[in-house]
Amino acid sequence: MSGKPKLHYINGRGRMEPIRWLLAAAGVEFEEEFIETKEDLEKLRNDGVLLFQQVPMVEMDGMKMVQTRAILSYIAAKYNLYGKDLKERAWIDMYVEGTTDLMGMIMYLPFQPADTKEKNLALIIERATTRYFPVYEKALKDHGQDYLVGNKLSWADVHLLEAILMVEECKPDVLSAFPLLQAFKGRISNIPTIKKFLQPGSQRKPPIDEKFVAVVRKIFNI
Ligand code: IBG
């Protein structure tokens, strides 16, 4: 065994992408075993390695971990990206849950019927610019520091950068009214491990396309 975490998921973003981001930000190399068919998923289930018969599943430190949030908080804690005390951890959790809600809206967009897509896209932009981004902009303004929590890189920063880039894929100028978030984006994108992950050829996945939606629907019965 290589000792590297092994990620079991489809070869696309979905629920695994924040895990890829966090490992990459922490500078941890990982391997991926892609689920390409319904049979691949069935095999994992029959092998008894999926606690709730679902993926993402990450083999790490002798565990076969499932549940995205549990996996992420384990990685955050292990690699010192989860604050220095309980209060910082609580802030990181709050910020991460906010970005998770926003990302969730985007993640489900490709699976929605064509006639509701436009409305939902408009809702995503509205929520991003009136509910979520103002919170992060204000946090950065109020404490004047480079990172969201504790003047140090945390899971909250990594997750927010991922969310910003996802929303920009929907509307490229979405940060125009958020100068501190623009600067934040530049800063966090330039952290060497993250910079590497943002370069072509990394394990970062592209936005899901129509062809892939059909494959994913089949595998997971969505
Ligand atoms: N609470 C779990 C988590 O957070 O990890 C949910 C995991 C989950 O729903 N996994 C899906 C699954 O295994 C795959 S992600 N489904 C099979 C089953 O029997 O439940 C599916 C997904 C994609 C993109 I891809 C957007 C949303 C969901």
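The values are calculated or read from the model by the stated rules, or taken from the named source; none is laboratory data. Small disclaimer: the values here were computed from a predicted structure and weren't measured. Because the Cβ atoms are built from the backbone with ideal geometry, glycine has one as well, and the counts that use them run over all protein chains shown. We work out accessible area using only protein heavy atoms, side chains counted, and drop any ligands, DNA or RNA first. Shrake-Rupley method; radii C 1.70, N 1.55, O 1.52, S 1.80 Å.
Give the number of residues within the range 165-202 that are among the acidic types (Asp, Glu) and either more than 18 Å from residue 135 (Cβ to Cβ) or in contact with a Cys (Cβ under 6 Å, 6 or more places away or on another chain) (or both).
Keep residues of the range 165-202 that are among the acidic types (Asp, Glu), which gives 168-169, 173.
The next check asks that each one be either more than 18 Å from residue 135 (Cβ to Cβ) or in contact with a Cys (Cβ under 6 Å, 6 or more places away or on another chain) (or both); those that pass are 169, 173.
The number of residues fulfilling the criteria is 2.
Of everything in the range 34-66, what is under 16 Å from residue 14 (Cα atoms), outside any helix (DSSP H, G or I) and open to solvent by less than 90 Å² (accessible area, probe 1.4 Å)? Give them in sequence order.
34, 35, 37, 55, 56, 57, 58, 66
So, in the range 168-186, exactly how many residues are basic (Lys, Arg) and surrounded by fewer than 15 Cβ atoms within 10 Å (Cβ to Cβ)?
0
Return a yes/no flag: does the range 153-160 have any residue that is open to solvent by 40 Å² or more (accessible area, probe 1.4 Å), modelled with pLDDT of 95 or more and in the same structural domain as residue 128 (by the TED database).
Among the residues of the range 153-160, not one is open to solvent by 40 Å² or more (accessible area, probe 1.4 Å), modelled with pLDDT of 95 or more and in the same structural domain as residue 128 (by the TED database), which makes the answer no.
May I ask you to list the residues in the range 70-101 that are over 14 Å from residue 158 (Cα atoms), charged (D, E, K, R) and either assigned to a helix (DSSP H, G or I) or open to solvent by less than 30 Å² (accessible area, probe 1.4 Å) (or both)?
78, 87, 88, 89, 101
Can you name the condition, by its number, that residue 208 falls short on among (1) open to solvent by 50 Å² or more (accessible area, probe 1.4 Å); (2) modelled with pLDDT of 95 or more; (3) within 23 Å of residue 71 (Cα to Cα)?
Looking at each condition in turn, residue 208 falls short on (2).
Could you please find all residues in the range 187-222 being without any contact (Cβ under 8 Å) to a residue 12 or more places away in the chain, farther than 21 Å from residue 19 by Cα and of a type outside the set (A, V, I, L, M, F, W, C)?
211, 221
Give me the pairs: first residue in the range 102-121 and part of a helix (DSSP H, G or I), second residue modelled with pLDDT under 95 and among the aromatic types (Phe, Trp, Tyr), beta-carbon distance under 9 Å, and six or more apart or on different chains, which are they?
Going by the 9 Å Cβ cut-off, the qualifying pairs are 110/212; 120/108.
Please indicate, with yes or no, whether at least one residue in the range 32-39 is touching a residue at least 12 places away in the same chain (Cβ under 8 Å) and either more than 14 Å from the ligand (Cβ to nearest atom) or under 28 Å from residue 94 (Cα atoms) (or both).
Taking the range 32-39 first, the residues touching a residue at least 12 places away in the same chain (Cβ under 8 Å) are 32-38.
Among the residues that remain, those that are also either more than 14 Å from the ligand (Cβ to nearest atom) or under 28 Å from residue 94 (Cα atoms) (or both) are: 32-33.
Yes, some residue in the range 32-39 is touching a residue at least 12 places away in the same chain (Cβ under 8 Å) and either more than 14 Å from the ligand (Cβ to nearest atom) or under 28 Å from residue 94 (Cα atoms) (or both).
Where in the range 125-214 are there helices (runs of 4 or more DSSP H), lying fully within it, with 1 or more residues that are farther than 24 Å from residue 72 by Cα? Spell out how you get there, then give the answer.
Numbers: elements: 133-143, 155-170, 179-189, 192-198.
Hits in the range 125-214: 133-143, 155-170, 179-189.
What's the number of the condition residue 25 fails, among (1) open to solvent by less than 60 Å² (accessible area, probe 1.4 Å); (2) among the hydrophobic types (A, V, I, L, M, F, W, C); (3) assigned by the TED database to the domain that holds residue 203; (4) within 13 Å of the ligand (Cβ to nearest atom)?
In the conditions (1) open to solvent by less than 60 Å² (accessible area, probe 1.4 Å); (2) among the hydrophobic types (A, V, I, L, M, F, W, C); (3) assigned by the TED database to the domain that holds residue 203; (4) within 13 Å of the ligand (Cβ to nearest atom), residue 25 misses (4) alone.
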